[in-house]
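The values are calculated or read from the model by the stated rules, or taken from the named source; none is laboratory data. Because the structure is a prediction, the values reported are computed rather than measured. Note that we place each Cβ from the backbone using ideal geometry, even for glycine, and neighbour counts take in every protein chain shown. Accessible surface is based on the protein model in full, side chains and every heavy atom, while ligands, DNA and RNA are left aside. Shrake-Rupley method; radii C 1.70, N 1.55, O 1.52, S 1.80 Å.
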Amino acid sequence: MKVQKETVQVMNVDLYCEHVFNEKPPIVLIHGFLSSTYTFNKVIPLLAEYFSVLAIDLPGFGRSEKSKKFRYSFENYAKLVTHCMDHFNIDQAFLVGHSMGGQIVLNVAKNYPERVRKLVLLNSSGYLKRANRLFIWCSYLPFFPIYVHHHVNKHDVRQELENVLYDHSLITDQMITEYKRPLSDKLFYHSLIRLLRHREGDLSSKDLQLIDHPSLILWGKEDQVVSLRVGKRLHQELKSSQLVVFEQAGHLITEEKPMEITRHIVEFTNR
């Protein structure tokens, strides 16, 4: 079945989505920091055999609007996910979050538990604190966008992909093009600054222990971005969770282990 691509308006933001809607249970995919729906390009066709699939480019990323009015907090991102579900008439779904997207789907589970059937966390971020006040204050200085631009571009896209992949042979020209796409948009850097200002710290241990949705945690053992230690701690604190670790895989397991990820998600959601 062909993946449909469209831009819709949700919470006054132009939101790019990719979806395959059928008569099967809905699953919603949320990407991570400096990424987009392209994170899931290998798993969407596989998941579409078993689910109605909706993948969202978060505001500030990918092909979605780099809004100067949107509040880039996890709480607001979580609200946006539910509003996007409303737009497509999805009452309840399985939620999948990669990296920063893991924190967003956890916030959906915390704040809108009735919208979530089960959670899948892919190399999820965890236990990060909010940026310190001095750094947030500096973000209002006129030169700060130049600093952010320099920081994001200090390594080329291929180097960054080598950091998130265990198997560097998977890097293609198309992959480089997709991850490089937003870097030429000046508004992209202003979105990152607003994310720095608005982003709360990751959910606390206390918050995590209150989430009782069944959760599947999938992790690449060689992750150089978010250590497996984070995955093990999330597994301890999410009381109804299981942890699966993939050998010879890094942070971007959707590229390295798409078939294995799909199999585990299907088995997990069918239980």
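A simple rule links phi to the HN-Hα coupling: the Karplus curve 6.51 cos²θ - 1.76 cosθ + 1.60 with θ = phi - 60°, which for region 24-33 gives 9, x, x, 9, 10, 10, 10, 7, x, 5 Hz, with x for Gly and Pro. Kirkwood's formula applied to the C-alpha pairs of the chain gives a hydrodynamic radius of 18.7 angstrom. Ranked from largest to smallest solvent-accessible area, with a 1.4 Å probe on the protein heavy atoms, His155, His31 come out as His155, His31.
For Arg233, the accessible area of its heavy atoms, probed at 1.4 Å with every protein chain present, is near 100 square angstrom.
Think of a 1.4 Å ball rolled over the protein heavy atoms: the chain then has 48 Å² of accessible area per residue. Scalar couplings 3J(HN,Hα) for region 218-235, obtained by applying the Karplus form with A = 6.51, B = -1.76, C = 1.60 to θ = phi - 60°, are 10, 9, x, 4, 9, 4, 9, 9, 10, 4, 4, 4, 5, x, 5, 6, 4, 4 Hz; x denotes Gly and Pro. Under 5 Å between amide hydrogens, built in the peptide plane, is the criterion, and for Val120 it picks out Leu95, Val96, Gly97, Leu216 among residues at least 5 positions away or on other chains.
Each part gets one Cα centre, and for region 29-48 versus region 135-175 those centres are 19 Å apart. Inverting the pair-averaged 1/r between distinct Cα atoms of region 1-107 gives 13.5 Å as its Kirkwood hydrodynamic radius. In order along region 260-271, the Karplus-derived 3J(HN,Hα) couplings, from 6.51 cos²θ - 1.76 cosθ + 1.60 at θ = phi - 60°, round to 5, 4, 4, 4, 5, 5, 4, 4, 5, 6, 7, 6 Hz, and Gly and Pro are given as x. In this view, the solvent-accessible surface of Cys17, computed with a 1.4 Å probe and all protein chains in place, comes to about 0 Å².
When 1/r is averaged over all different Cα pairs and the result inverted, which Kirkwood radius in Å belongs to region 206-271? In region 206-271 this quantity evaluates to 12.4 Å. Would you mind calculating the relative contact order of region 134-271 from Cα pairs under 8 angstrom and at least 6 residues apart, reporting the percent as a whole number? Over region 134-271, the number comes to 26 percent. As a calculated quantity, the FRET efficiency between Tyr140 and His83 at R0 = 30 Å, using C-beta atoms, amounts to about 0.55.
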